[in-house]
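Novice: Attaching a single structure in structure tokens format; questions to follow.
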Amino acid sequence: MTAIMDTKIRGFLLLVCFVGCAKSEAIAIEQILSLCCQEGEEWGTQHKLCSSFNNTLEIVPGELRGLCLSTVEICCSKQHKIYKCTEGQIAARQGLSCSLKGHHSGSEFYTDCCEACKIGLVVGSSSSKCSVEPFAFGSPWDEVYEGCCKDIKQGDDTFILNEEDENIDECEDQAACDEGFVCVNIKGSYDCIPFAKNYPVTKKKMVESCSPGFRRHNEQCIDIDECAVDKYACDSNQVCTNEIGGFRCDCKIGFTLDQVTNACVDINECQINAHECLESQRCDNTIGSYTCIRLQSCGTGYTLNAETGNCDDDDECALGRHNCVPPYECFNTKGSFRCRQRSRYAPQAVSRVTGTSTSTSTSTSTTTTTTTARPVYYTHTTRNDPQYRPVYQPNNQQVEYNRYQGSCGIGFERNALGACVDVDECLNGNTCRSNQRCVNSNGSYRCYDLLVCPSGFVANSDATECLDVDECSTGKAKCGPDQICKNKRGSYVCHCPAGFIIGKHQRCEDINECEMHKGMVCPHNSECINTLGSYRCDCKAGFKKNHPEDMVCTDQDECSEIPGLCHQRCINYYGSYRCGCEPGYKLMANNRTCEDVDECVEYKSNNLCVGICENSPGSYGCSCPQGYRLGHDGRSCIDIDECETRDVCNARNEICTNIRGSFRCTRIDCPYEYEIDPDRTNRCRRTTRFCQPDDIECLRKPSSYSYNFITLTSNMPVPPSGRALFNLRGPTWYESIDFDMKLIHVDAPGNVQPADERFFSLNKLSNEVLLNLVKSIEGPQDIELELSMTVFNNGQPFGSNIAKLFLLISAHEF
């Protein structure tokens, strides 16, 4: 930047000296200082402190370097003021405080522009016009005031005043936002908004961009809060709610969604009786709310004065609204009257009094007020009908007659109903002089002199009215040739056409709205292009104008405008789109094609199915092996008990044993000299139980064989203490009992580990034994165990029993 400046200055010096250094020295200085100012503006856009300017100024002559440095600081400070003014307006629109903590370059512009914008927002929300003609703040506050005022009238902003709570300014940390974003402090937080051209930011390498709706921060993609970034994201009657990768618009309180226009419209709470106004109040609907207005009532004995808004006392005595009868007379009180007995005295005549008063103030005008009572006509009076003398009461240098004569006082007369009513003396055109104004009052009237016209006004021919002087049409205005003269009441103003501002030599210069109101004249989804006397907003990528003359850029719905853009689902969002997939599918690397998700493989560890998981396009299903049925939850398998549900194992001496997923029919063939016990079909007993006392072999024969069937699932979990399988108990009256276990047979396929005696343990007690499983058994396999019990008496065997155990291990683990 410095090299370019040096080249420009060197060129100007050569040009000036070529023409003649002596005559053009002043011109050369102005050109140099102009380039120094550009240098300061550039520095201000890149740095926060103007005092840190350290660019070399070798090409600038030594005698001008001091002036150049001063110019650089002035123009740099001016640039800071412009940005602080913009930040002040943003703070006003967000309802933040207009005060900055600590010292900041251009902080006074931040405060002044913030306050001017807040005033504009308040005026714009009322019925007043957005004009500074009645007053003027000066530049640039007039433009700020009008801009904020017009924006709020168009419904583009919402604002909150008097938010003075303590708030941490995270934006004081220069690393709060990445390059390309402006840190905007908001109440309780902060946000990073894409910066306008030339906004000062820290220079560092930009990281890769993230998917639409996200931005990269500290090497991570985080969601963009479109509601904070784009104040035009939703309509002015809507509330913007940020969502991951997008946002949504909801109607504000006091508004409802019109199903036809799909716009938020005002709810007329007064019309639908949805207000909380009292019966003594009137409901007036407002945009987004309503107000309750008190219905003013003066009450009995008073009448509302439409001019003053006050409640004036009714003189019931003068108006004939009393019920007093002789010998009582009516006496008026505040809001009522009293009847009191008359005093006895002779009636007196009523005289006519005319008073005139003149008052002179320090101003140049003089006011003369004349009050004249109407003539009094003498009537026949009796002792019971006295007439009262009028009383002279000066009030504000005026004289008026408020007393009455007879039943009706002066200034009153009876109407057709006999009631006393006020006489409007001003209806008589000759009551006051031609240069006076007649004002009727209760029982009298007043005459006021016409005002002396101030500067900018001229009296009419009757001297009864001051008329404004139109300086613009009479040629008295002194405006420039390119300026517009606008008459005001009592004065006039000279201003430039729209899009221009008064510059050097009082001439109108084009306003660069894009630079002056960065980020405020166009919606965030458009770019501001300055034109002579105006500007235009060109839509950014992903946005379009519905009509060429529109100023608003709306989102381009790529999903509806470009068929086949996505394989399954196209999701449009503000400024772009993305492809999605139906449930059960996932997006491929090209971000548009969807492929099926094999849930049985992807989520195998989640045990989606207890039995068999079967993948299908976009979904999956669960099924069960033969001998099971699917549970109501659609994933668990429930064993079918064939022994209960089917007619099986009907042969002689057959026993049905249910197995997980199957069943087993076992025929019991008793050994020689044994028969089926009729009481227990799974037991064989001896045909004869008699033995000779010395027949040891007979005594040792088992008294019974029992056949017991136990079913287990494959790899059934076994706790450290073991799992109890079978209990064999003997009599308690024998001397001792001996228990023994034998592994008779194991039937297992080649790929299954067969069980052995190490899988079991015996827990022997005095007269019983407990068979425990100490290790999980893999299925399928069949195991035959024999558990024997021998009783002894006097050291000799006295009898025995054998329990045959058949362990049937299922092939499934459920």
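The values are calculated or read from the model by the stated rules, or taken from the named source; none is laboratory data. These figures come from a predicted structure and were not determined experimentally. Every residue, glycine among them, receives a Cβ derived from its backbone with ideal geometry; neighbour counts consider all protein chains shown.
Novice: For the subset of region 552-592 comprising residues that are within 22 Å of residue 227 (Cβ to Cβ) and among the aromatic types (Phe, Trp, Tyr), which member is modelled with the highest pLDDT?
Specialist: That would be 577.
Novice: Right, something else. When only residues in region 234-262 that are surrounded by 13 or more Cβ atoms within 10 Å (Cβ to Cβ), part of a loop (DSSP other than H, G, I, E, B) and not polar (S, T, N, Q) count, which is nearest to the chain's Cα centre (by Cα)?
Specialist: 252
Novice: I need the full set of residues from region 466-486 which are surrounded by 13 or more Cβ atoms within 10 Å (Cβ to Cβ) and in a loop (DSSP other than H, G, I, E, B), in order please.
Specialist: Residues satisfying the conditions are 469, 470, 477, 479, 480, 482, 483.
Novice: Identify all residues within region 487-542 that are outside any strand (DSSP E or B) and among the polar types (S, T, N, Q); write none if there are none.
Specialist: Hits for region 487-542 are 506, 512, 525.
Novice: If you check every pair at least six apart or on different chains, which have Cβ atoms under 6 Å apart with a residue in region 629-640 that is under 22 Å from residue 615 (Cβ atoms) first and a residue that is surrounded by fewer than 16 Cβ atoms within 10 Å (Cβ to Cβ) second?
Specialist: Pairs that qualify, where the first residue is under 22 Å from residue 615 (Cβ atoms) and the partner is surrounded by fewer than 16 Cβ atoms within 10 Å (Cβ to Cβ), are 629/638; 631/638.
Novice: Residue 754: more than 17 Å from residue 772 (Cβ to Cβ) and either outside any strand (DSSP E or B) or not assigned by TED's automatic domain parsing to the domain that holds residue 789 (or both), yes or no?
Specialist: yes
Novice: Quick test of your reading of the structure: residue 512 fulfils all but one of (1) surrounded by 16 or more Cβ atoms within 10 Å (Cβ to Cβ); (2) within 39 Å of the chain's Cα centre (by Cα); (3) not aromatic (Phe, Trp, Tyr). Name the failing condition by number.
Specialist: Answer for residue 512: the failing condition is (1).
Novice: How many residues does region 546-560 contain that are over 24 Å from the mean Cα position of the chain (by Cα), outside any helix (DSSP H, G or I) and surrounded by fewer than 16 Cβ atoms within 10 Å (Cβ to Cβ)?
Specialist: Number of matching residues: 7.
Novice: Here are some residues: 649, 570, 613. Which one is assigned to a strand (DSSP E or B) and more than 30 Å from residue 545 (Cα to Cα)?
Specialist: Answer to the check: 613.
Yes/no per residue for (1) under 60 Å from the mean Cα position of the chain (by Cα); (2) free of Cβ contacts under 8 Å to residues at least 24 places away in the same chain; (3) closer than 21 Å to residue 701 by Cβ:
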| residue | (1), (2), (3) |
| --- | --- |
| 643 | no, yes, no |
| 646 | no, yes, no |
| 649 | no, yes, no |
| 652 | no, yes, no |
| 655 | no, no, no |
| 658 | no, no, no |
| 667 | no, yes, no |
| 672 | no, yes, yes |
| 675 | no, yes, yes |
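Novice: Further, regarding this structure: Please count how many residues of region 629-656 are in contact with a Lys or Arg (Cβ under 8 Å, 6 or more places away or on another chain) and under 18 Å from residue 813 (Cα atoms).
Specialist: Total satisfying the criteria: 4.
Novice: Here is a follow-up. Can you spot a residue in region 244-261 that is at pLDDT below 75, closer than 21 Å to residue 552 by Cβ and not assigned by TED's automatic domain parsing to the domain that holds residue 570?
Specialist: yes
Novice: Would you check if residue 277 is within 24 Å of residue 342 (Cα to Cα), surrounded by 12 or more Cβ atoms within 10 Å (Cβ to Cβ) and at pLDDT 85 or above?
Specialist: no
Novice: Also, quick follow-up: Being part of a loop (DSSP other than H, G, I, E, B), in contact with a helix residue (DSSP H, G or I) (Cβ under 8 Å, 6 or more places away or on another chain) and surrounded by 15 or more Cβ atoms within 10 Å (Cβ to Cβ) is true for just one of 670, 691. Which residue is that?
Specialist: Working: 670 fails: in contact with a helix residue (DSSP H, G or I) (Cβ under 8 Å, 6 or more places away or on another chain).
Exactly one of 670, 691 is part of a loop (DSSP other than H, G, I, E, B), in contact with a helix residue (DSSP H, G or I) (Cβ under 8 Å, 6 or more places away or on another chain) and surrounded by 15 or more Cβ atoms within 10 Å (Cβ to Cβ), namely 691.
Novice: Would a scan of region 703-714 turn up a residue that is surrounded by 13 or more Cβ atoms within 10 Å (Cβ to Cβ), touching an Asp or Glu at 6+ places or on another chain (Cβ under 7 Å) and either free of Cβ contacts under 8 Å to residues at least 12 places away in the same chain or not in a strand (DSSP E or B) (or both)?
Specialist: yes
Novice: I would also like to ask the following. Would you tally the residues in region 720-740 being aliphatic (A, V, I, L, M) and in contact with a Ser or Thr (Cβ under 8 Å, 6 or more places away or on another chain)?
Specialist: 1
Novice: Would you check which residues across region 767-808 are among the β-branched types (Val, Ile, Thr), buried (at least 18 other Cβ atoms within 10 Å of the Cβ) and over 25 Å from residue 670 (Cα atoms) and list them?
Specialist: 777
Novice: On to the next question. Among the residues of region 434-451, count how many are out of contact with any helix residue (DSSP H, G or I) (no Cβ under 8 Å at 6 or more places or on another chain), in a loop (DSSP other than H, G, I, E, B) and either within 24 Å of residue 323 (Cβ to Cβ) or in contact (Cβ under 8 Å) with a residue 60 or more places away in the chain (or both).
Specialist: Going through region 434-451 one residue at a time, the tally reaches 2.
Novice: If you go through region 37-77, how many residues are aromatic (Phe, Trp, Tyr) and either part of a loop (DSSP other than H, G, I, E, B) or without any contact (Cβ under 8 Å) to a residue 12 or more places away in the chain (or both)?
Specialist: Residues in region 37-77 being aromatic (Phe, Trp, Tyr) and either part of a loop (DSSP other than H, G, I, E, B) or without any contact (Cβ under 8 Å) to a residue 12 or more places away in the chain (or both): 1 in total.
Novice: Out of 746, 791, report the one residue that is assigned to a strand (DSSP E or B) and at pLDDT below 90.
Specialist: The unique qualifying residue is 791.
Novice: Under 23 Å from the mean Cα position of the chain (by Cα) and at pLDDT 80 or above, is that true of residue 271?
Specialist: No: the conditions fail for residue 271.
Novice: Quick test for you: out of 613, 637, 624, 609, pick the one residue that is within 30 Å of residue 658 (Cα to Cα), outside the structural domain of residue 520 (by TED's automatic domain parsing), among the hydrophobic types (A, V, I, L, M, F, W, C) and in contact with a helix residue (DSSP H, G or I) (Cβ under 6 Å, 6 or more places away or on another chain).
Specialist: On inspection, the qualifying residue turns out to be 613.
Novice: If you don't mind, another one. In region 265-287, what count of residues is obtained for those that are closer than 19 Å to residue 251 by Cα and outside any loop (DSSP other than H, G, I, E, B)?
Specialist: Result for region 265-287: 4.
Novice: From the set of residues in region 573-587 that are part of a loop (DSSP other than H, G, I, E, B) and touching a helix residue (DSSP H, G or I) at 6+ places or on another chain (Cβ under 8 Å), which is surrounded by the most Cβ atoms within 10 Å (Cβ to Cβ)?
Specialist: Per the stated criteria, the residue is 574.
Novice: Filter region 757-787 down to the residues that are in a strand (DSSP E or B) and within 22 Å of residue 813 (Cβ to Cβ) and list them by number.
Specialist: The answer is 760, 772, 773, 781, 782, 783.
Novice: Out of region 585-606, which residues are touching a residue at least 12 places away in the same chain (Cβ under 8 Å) and of a type outside the set (Lys, Arg)?
Specialist: Once the filter is applied, which keeps residues that are touching a residue at least 12 places away in the same chain (Cβ under 8 Å) and of a type outside the set (Lys, Arg), region 585-606 yields 585, 591, 593, 594, 596, 597, 598, 599, 600, 601.
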